[in-house]
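Here is the structure we will look at, set down as structure tokens.
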Amino acid sequence: MKVMKFGGTSVGSPERMKNVASLVTESGEPTFVVLSAMSGTTNSLVEISDYLYKKNPEGANEIINALEKKYLGHVEELYASDEYKQKTRDFLREEFDYLRSFTKDIFTSFEEKSIVAQGEVISTNMMANYLQECGVNTCLISALDFMRTDKNSEPDPQYIKEKLTAILNDKADFQIYITQGFICRNAYGEIDNLQRGGSDYTASLVGAAINAEEIQIWTDIDGMHNNDPRVVDKTEAVRQLNFEEAAELAYFGAKILHPTCIQPAKYAGIPVRMKNTMDPKAEGTIVDNVIVRGKIKAVAAKDNITAIKIKSSRMLLATGFLRKVFEIFESYQTPIDMIATSEVGVSMSIDNDAHLNEIVDELKKYGTVTVDSDMTIICVVGDLDWSNLGFETLATEAMKNIPVRMISYGGSNYNISFLIKGTDKKRALQNLSDMLFNKNK
């Protein structure tokens, strides 16, 4: 069985929902489908929650009424029969009455997650109704019945596998199984969400739980490109990536795939294929455990980086100095992206500056601290093992006219990273593309 996940733009209109229905039924084989909320819906639900936090039920009701009107319009476009039009209207009436119920009582953070979850509930019910109207044997499964996180807010794979296996055994012989992406219950049974990775994470967890033959992530882009097409000319889709390469690219700015979401698939050895709903025949990108030796695959960029340098003669030959520095970042739950050390100094980069002032104040106990803001990390990804002579030279040659604040190489066999000023990003990305991918064209 394949798992097919479709994002908000892929189900963003009745016409696109019909396209998705064609894609999931094309093979005629049993398929597990994970859907996001229709594009724009989650933003509206968050806005409703914001009005309720501000004790403005009139504002919340205005958004609820506008959203209900929008969906009732979708009903007229999506369904052909009066039976399914009325069935879906009745469902939507219950949904929006449920949303209105939150405007009458004291509002809590747990209720916010219940409100935001309704976007996926609505899209999956509408899709299931449409497929059933088309005569497709379809089963709608609530993600809240099997998707759960533990007390650390991490998915509980054993629970997910047991519950989902039992559900599928009880509901055998359907062609299409549909569930909601993103939403789950937490360890205390409350409605929650998967936070990182969203619906992609759901698809990967489901794929691992049912031992799927393939997990497909459908978006409006033809796979992962070898550079950012919004910034660089002549980019191309990368047809194959190793899981490690994909994780590096995703972490360093390739937003088509969240780095966390592919971990369950990686551990289960299930390939993840990224496809384009606007061009279903396009090959897309497959992510698997295959390593293509001696090849640079892609470049990505991560913006809004802050570089921090601490210089101290006390670091020279001292034990425990770096531990004290790292403990400061840990105490403020601020991850470090890149690090470079010398005899008397250490430089680090972070992408979360929420506690920057506090971190700098504490670092000043150990040395002289300087901060550079508005930086960008440029990441070159591929088989960059140190035994591949000259690969790091190609990357540095492309950067020869770009001021580089830090370089990270050797911590991974798949990545060499450069920290530069954000204003130099476009030039750096284009130079790397010209050197690494376009030179022989």
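The values are calculated or read from the model by the stated rules, or taken from the named source; none is laboratory data. Note that this is a predicted model, so its numbers are computed, not measured. Counting neighbours? That spans all protein chains shown, and the Cβs are built from the backbone with ideal geometry, glycine included. Quick note on the areas: whole protein, heavy atoms, side chains included, nothing else; ligands and nucleic acids left out. Shrake-Rupley method; radii C 1.70, N 1.55, O 1.52, S 1.80 Å.
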### Message
Which trypsin sites (Lys or Arg not before Pro) in the stretch 10-85 sit in a loop by DSSP (not H, G, I, E or B) and have at most 12 other Cβ atoms within 10 Å of their own Cβ?
### Response
Lys54, Lys55
### Task
Report the semi-axes of the equivalent ellipsoid for the chain in whole Å, largest first, where each axis is √(5λ) for an eigenvalue λ of the Cα gyration tensor.
42, 27, 20
### Task
Report, for the stretch 88-213, the % of DSSP beta bridges that are antiparallel, rounded to 5.
50 percent
### Query
Hey, got a sec? Which GluC sites (Glu not before Pro) in the stretch 5-59 land in a DSSP loop and have at most 15 other Cβ atoms within 10 Å?
Glu26
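Got a number for carbon plus sulfur as a percent of the stretch 342-430's accessible area, 1.4 Å probe?
About 49 percent, which is the carbon plus sulfur part of the accessible surface.
Given DSSP loops and a limit of at most 10 other Cβ atoms within 10 Å, what is the longest stretch of the chain that contains no such chymotrypsin sites (Phe, Trp or Tyr not before Pro)? Write out the running numbers ahead of the final one.
Values: sites that count: Tyr188, Trp386.
For chymotrypsin sites (Phe, Trp or Tyr not before Pro) (loop position, at most 10 other Cβ atoms within 10 Å), the longest site-free span of the chain is 189-385.
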### Summary
Residues meeting the amide H criterion for Met147 (H placed from the backbone, H to H distance under 5 Å, 5 or more places apart or on another chain) are Arg185
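Determine the percent antiparallel among the DSSP beta bridges restricted to the chain, to the nearest 5. List each step's numbers first, then the result.
Values: 41 of 68 bridges.
Taking every DSSP beta bridge with both residues in the chain, the antiparallel ones total about 60 percent.
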### Query
Which one of Gly284, Ile378, Pro403 has its Cα pushed farthest toward the positive end of the charge dipole of the stretch 278-404, where Lys and Arg give +1 and Asp and Glu give -1 at the Cβ?
Pro403
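Give the accessible surface of the chain per residue, rounded to a whole number of Å², with probe radius 1.4 Å and ligands, DNA and RNA excluded.
I get 47 Å² per residue for this part.
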### Message
With a cap of 16 neighbouring Cβ atoms within 10 Å, and only residues DSSP puts in a loop, list the GluC sites (Glu not before Pro) found in the stretch 281-386.
### Response
Glu283, Glu343
### Query
Cα axis of helix 425-436 to longest principal axis of the chain: angle in degrees, 0 to 90, nearest 10?
80 degrees
## Note on the structure
Packing-ranked peptide list from 303-310, 271-278, highest mean Cβ count within 10 angstrom first, is 271-278, 303-310
#### Entry: Sulfur and carbon atoms: percent of accessible area, the stretch 102-257 [1.4 Å]
46 percent
## Note on the structure
Restricting to Cα pairs under 8 Å and 6 or more apart, the percent relative contact order of the stretch 1-93 works out to 27 percent
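If you take the Cα Rg of the stretch 342-441 and divide it by 2.2 N^0.38 Å, with N the number of residues, what do you get? Walk me through the numbers before you get to the answer.
On the way: Rg = 15.9 Å, N = 100, 2.2 N^0.38 = 12.7 Å.
Against the compact-globule rule of thumb, the ratio is 1.26.
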#### Entry: On Cα atoms only, tilt of 57-78 relative to the major axis of the chain in degrees
70 degrees
### Query
In whole percent, what relative contact order does the chain give with Cα contacts below 8 Å and a gap of six or more residues?
13 percent
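Got the relative contact order for the stretch 305-441 handy, in percent, Cα pairs under 8 Å and 6 or more residues apart? Could you put the intermediate results ahead of the total?
Details: 209 pairs, mean separation 34.8, N = 137.
Taking the mean separation of contacting Cα pairs over the length of the stretch 305-441, I get 25 percent.
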### Task
Amide H neighbours of Lys297 under 5 Å, at least 5 residues apart or on other chains, H built in the peptide plane: list them.
Val381, Gly382, Asp383
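Can you give me the orientation-averaged projected area of the convex hull built on the Cα atoms of the stretch 153-309, in nm²?
Computed as one quarter of the Cα hull surface, the answer is 12.6 nm².
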### Query
So what are the three principal axis dimensions of the stretch 1-75 from its Cα atoms, in whole Å, longest to shortest?
49, 23, 15
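Over its Cα atoms, what ratio of radius of gyration to 2.2 N^0.38 Å does the stretch 89-204 give? All intermediate terms of the calculation are to be shown ahead of the outcome.
Values: Rg = 15.1 Å, N = 116, 2.2 N^0.38 = 13.4 Å.
It is 1.13.
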### Query
To the nearest 20 debye, what is the magnitude of the charge dipole of the stretch 241-285 about its Cα centre, counting +1 on the Cβ of each Lys and Arg and -1 on the Cβ of each Asp and Glu?
180 debye
### Task
Please report how far the C-alpha centroid of the stretch 42-81 lies from that of the stretch 218-269, rounded to the nearest whole angstrom.
33 Å
## Note on the structure
The rounded separation in angstrom of the Cα centers of the stretch 323-351 and the stretch 168-191 is 41 Å
## Note on the structure
Residue-ordered couplings for the stretch 157-169, obtained by feeding phi - 60° into the Karplus form 6.51 cos²θ - 1.76 cosθ + 1.60 and rounding to whole Hz (Gly and Pro as x), are x, 5, 4, 4, 5, 4, 5, 5, 4, 5, 5, 5, 5
### On Cα atoms only, tilt of 321-331 relative to the major axis of the chain in degrees
20 degrees
### Query
With +1 on each Lys and Arg Cβ and -1 on each Asp and Glu Cβ, how big is the dipole of the chain about its Cα centre, in debye rounded to the nearest 20?
1160 debye
## Note on the structure
With label points set 7 Å from each Cα along the Cα-to-Cβ direction at Ile407 and Asp105, the distance between them in nm comes to 6.1 nm
### Query
According to a simple spin-label model (label point 7 Å from Cα along Cα-to-Cβ), what is the distance in nm between Leu394 and Ser81?
5.8 nm
### Task
For Asp279 and Lys324, calculate 0.36 nm times their separation in residues minus their Cα-Cα distance, and state this gained length in nm to one decimal.
11.0 nm
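Rank by packing, highest mean first: peptides 150-158, 290-298, with packing defined as the count of other Cβ atoms within 10 Å averaged across residues. Please report the intermediate quantities before stating the final value.
Values: 150-158: 14.2, 290-298: 16.3.
For the peptides 150-158, 290-298, the packing ranking is 290-298, 150-158.
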